[in-house]
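The values are calculated or read from the model by the stated rules, or taken from the named source; none is laboratory data. In this text, all values refer to a predicted model and were calculated from it rather than measured experimentally. Neighbour counts are summed over all protein chains in view; Cβ atoms, including those assigned to glycine, are modelled from backbone coordinates with ideal geometry.
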């Protein structure tokens, strides 16, 4: 075969593969406010009462029985009396929003945050509740919000995944990859999981294969794959497999560069706290810095975890503070605070916050009482707090409210469907139009529910 003919066929293969993979960015339903999303997820059920939802009445009546508490159905044993937060709340920013004193760095950014204080979960168990927060369903196997975003909008960088999940160095969250699965969507939309401590495995070719041979082999494989796909048009699984292998080949060059945190300045590392004496804080800070590098290189959706699944000791590896709330959160809050605030400030200084949506999420809240015989709080699916910040968000605002003790959401109750309808809206997507036909139904991230929380929009 002549050199010119070989180049021509190779070029046709590249064109066919580009069309096959459809990796380019796709058009939203309307003009978006946000181009990309960073979702920070704190597994274990963060206590809203000890972070963002200040309750003066809880402080005033701490130690007394909670009115009507004897009728409550509990998750893990009986509840005792009301228990105020171990830490003081301080008003921060021009909005005067009360935030726990344990989050000084994030508290300084409160005027940019839009809080939802009236969230309710569909489960009081960690695994199903985490999956519900990330996919809209308590059962595993449904696409995550990141997968829906990848499917709807595509990638902004053909050499990196559209969707990356960054697990905490302490381990994966409850239900693991079900939190970043593509479900019934094509497999190329699933989250690619790696972090700063454990880069993507098996990216480097064997030492015996030189770059020229590797490139020629990939071009020939592209040609064969394109022809095979053309003969099996409509086979989504085949397309997904081809896309994943092709992306893996391209990532041999792109992934090592994006994970090279040493190229960042000393000031940037200090901003995040990557050199902190606390190894868990330093590890999470490196993951935050990795997240920023992914976002600025065109990754559409990054899911960043702060903590992992439950361990044999409640509250040790995640926010599940059943027994020793103060000791657990004395450990967890500083890990979250400085690196997350550093990420937000870094995005802002680089002009990325103008079109990046920052989400902070957990799966449910905690009870205003202490568990009987402990100094911890039980699960509370009837009230928890999330917040968003950045592109299209009206900072310094709050949606909904809980009762005087933070036991239940009572004003403008919000669901995960409302939350994701709002996120999709900021991405220029109508949540009722974004669907995939599966098992006789047009499935959506918001199921058959969801309303955009317009009070959060700038």
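Of note:
- Residue tally, condition over 19 Å from residue 116 (Cα atoms) and surrounded by fewer than 17 Cβ atoms within 10 Å (Cβ to Cβ), over the range 30-57: 3
- A single member of 313, 302, 358 is outside any helix (DSSP H, G or I) and free of Cβ contacts under 8 Å to residues at least 60 places away in the same chain, and it is 313.
- Condition met for residue 318 (assigned by TED's automatic domain parsing to the domain that holds residue 376 and surrounded by fewer than 18 Cβ atoms within 10 Å (Cβ to Cβ)): no
For every residue, the table says whether it meets (1) within 18 Å of the chain's Cα centre (by Cα); (2) in contact (Cβ under 8 Å) with a residue 24 or more places away in the chain; (3) closer than 19 Å to residue 362 by Cβ; (4) assigned by TED's automatic domain parsing to the domain that holds residue 35.
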| residue | (1), (2), (3), (4) |
| --- | --- |
| 165 | yes, yes, yes, yes |
| 173 | yes, yes, yes, yes |
| 184 | no, yes, no, yes |
| 190 | yes, yes, no, yes |
| 193 | yes, yes, no, yes |
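- Taking the range 146-162 as the range and being in contact with a strand residue (DSSP E or B) (Cβ under 7 Å, 6 or more places away or on another chain) and either under 14 Å from residue 305 (Cβ atoms) or surrounded by fewer than 24 Cβ atoms within 10 Å (Cβ to Cβ) (or both) as the test, only 146 passes.
- Residue match in the range 200-221 (condition: closer than 22 Å to residue 40 by Cβ and either modelled with pLDDT under 95 or touching a helix residue (DSSP H, G or I) at 6+ places or on another chain (Cβ under 6 Å) (or both)): yes
Listed here are the residues, each with its yes/no results for (1) surrounded by fewer than 18 Cβ atoms within 10 Å (Cβ to Cβ); (2) in contact with a strand residue (DSSP E or B) (Cβ under 6 Å, 6 or more places away or on another chain); (3) in the same structural domain as residue 59 (by TED's automatic domain parsing).
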site	(1), (2), (3)
386	no, yes, yes
399	no, yes, yes
410	yes, no, yes
414	no, yes, yes
418	no, no, yes
423	no, no, yes
430	yes, no, yes
439	yes, no, yes
449	yes, no, yes
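- Residues satisfying the stated conditions in the range 366-392, i.e. more than 17 Å from the chain's Cα centre (by Cα) and outside any loop (DSSP other than H, G, I, E, B): 366, 369, 370, 371, 375, 379, 380
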